[in-house]
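The values are calculated or read from the model by the stated rules, or taken from the named source; none is laboratory data. What you see is a predicted model; the values in this text were computed from it and never measured. Cβ: placed from backbone, ideal geometry, glycine included. Neighbour counts: every protein chain shown.
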Amino acid sequence: MDNSITILGQIILIILGLFSTYIIFNFMRGFERELHHKKYYYVIAYILYTFIIFTLKGLVGEVPNIVITAALTAIIGHFLYNKKRIFVLYYFIYIIVLVSAQIVGNFLFSLICSFLNINFYSNEIYVITLSIIIQLMNFGVSRMFIAIYSKKRIDKITPVQYLNFLLLPIFSILNITTLMMYVQVYLSIQDIILLIANIASIIALNIFITNIFEAISKNNELKNQVVLYEQQSKMQYEYYNTLENKYDSSRKLIHDMKNHLQTIENLYQLQENEKAREYTEDMYKMFDKLNQRHYTRNRVLNIIINDKVQRAESLGISLNCCIDGVDLEFIKDIDLTIVFSNLLDNAIEGIQNINEGKEILLKIIKFNDFIVINISNCIDIAPISEGEEFKSTKKKHSGIGLQNVRMALEKYQGSMRINYDNKIFKVNIVIPIN
């Protein structure tokens, strides 16, 4: 019996060692990755990392082991996943979080065993069970750590989402505890094989389900991007269609230019100065309509602003733009679409129902090493807020526009502040120039 437990413990220790390394590497891969090397680099690093941790576990104490683990994680993360120096600190914090989770897990498991009168007759079985439970907890904590930091897939974690993170690990812990309790009664070679197969299956299931959730999340993110690309394509189509219509109109105007000039000349000859002046003003208005507005050197942003100006004018709203010669080429087209389409749409929707002051001001300037964007519009009713977010007043609308804007800005270390009173709603954005 003792030999069987020793064999079981050694095999499970190897499985947990590999699982522990997987948890850490999976974290570095999903946290915020910017480096991509050939696959065999990661395989070699995975093997070396596991070997070093295994070797040092029995040679040094717990504190040196934690320091070495954190240092190895930071080194591998820096050279294989993200070379930004700040991430070295994040990797150290991550290891500290895992160690803290292990301490809490150890305490809670002891407390639950004491409270429910769960007795382990073999200390080795207790240690094996606790080791498995702690690694499952580490896996759940690791995924939650990524979600809380990145906010790319989960902007605000609700109690239901917390439950989704913890539900499978909780069931796995209950299952493993039950299995290990029965192991104490009798343990044969066949039992060892079945138990190891069960434990390996539970660990694999946790990895598999988590990857499924991650794939679904990425799929939803891609769907959102497709919608944004469609929106951008539609704006471009309408923009170029407008250009074509203006070109046709300009050809007609040029064709009739001789007749227009002749008419004005005849009016002056007949001393109809007032009519000649009105006719000339009408000609200027026709020319103004044919003029193409160039607000910025960025093609996509120019299309977006033209589209929103056209929409605003159709609603009797004045959209005034003050844009310096700022370079926005470092921002992806899709992120420009997310930021300016959402904010300008919100401004138009917020102002279209008021009676006076139907004016929106868009200002983009460069201040030192920052791009500063200000959008302001009049309001007659203060918006409904929930913490830092605002609820949409439209029916059947989730109001996630500002959340999308925040997530787009985070890619460029940008920040957004919103100020409002009873009359003015202001959005201020600051983006550092890389």
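Close contacts from region 342-353, counting a first residue that is within 18 Å of Ile381 (Cβ to Cβ) and a second that is of a type in the set (A, V, I, L, M) and in a loop (DSSP other than H, G, I, E, B), with Cβ to Cβ under 8 Å and a gap of 6+ residues or different chains, come to Ile348/Leu315; Ile348/Ile317; Gly350/Ile379; Ile351/Ile317; Ile351/Ile379; Gln352/Leu315; Gln352/Ile317.
At pLDDT 90 or above and surrounded by 13 or more Cβ atoms within 10 Å (Cβ to Cβ), is that true of Lys332? In short, no.
Within region 372-429, the set of residues being within 17 Å of the chain's Cα centre (by Cα), modelled with pLDDT under 85 and part of a strand (DSSP E or B) comprises Glu389 only. Per the conditions (1) surrounded by fewer than 17 Cβ atoms within 10 Å (Cβ to Cβ); (2) modelled with pLDDT of 85 or more; (3) over 30 Å from Leu167 (Cβ atoms), the sole criterion not satisfied by Ile96 is (3). Meeting the requirement of 2 or more residues that are under 30 Å from Tyr412 (Cα atoms) and free of Cβ contacts under 8 Å to residues at least 12 places away in the same chain, the helices (runs of 4 or more DSSP H) wholly within region 25-117 are 62-80, 86-115.
Out of Lys234, Lys252, Lys223, report the one residue that is closer than 30 Å to Val300 by Cα, at pLDDT 75 or above and not aliphatic (A, V, I, L, M). Before the answer, list the steps.
Numbers: Lys234 fails: at pLDDT 75 or above; Lys252 fails: at pLDDT 75 or above.
Answer to the check: Lys223.
Scanning region 300-351 for residues that are among the aliphatic types (A, V, I, L, M) and not in a helix (DSSP H, G or I) gives Leu315, Ile317, Leu319, Ile323, Val326, Leu328, Ile331.
Annotation for region 30-38: at least one member residue is at pLDDT below 85 and among the basic types (Lys, Arg). Summed over region 3-13, residues that are under 21 Å from Ile176 (Cβ atoms) and without any contact (Cβ under 8 Å) to a residue 12 or more places away in the chain total 1.
Taking the listed residues Ile199, Ile209, the one that is buried (at least 19 other Cβ atoms within 10 Å of the Cβ), at pLDDT 75 or above and in a helix (DSSP H, G or I) is Ile199, with no other qualifying. For region 1-59, a residue qualifies if it is under 28 Å from Lys84 (Cβ atoms) and touching an Asp or Glu at 6+ places or on another chain (Cβ under 8 Å), and exactly one does: Gly30.
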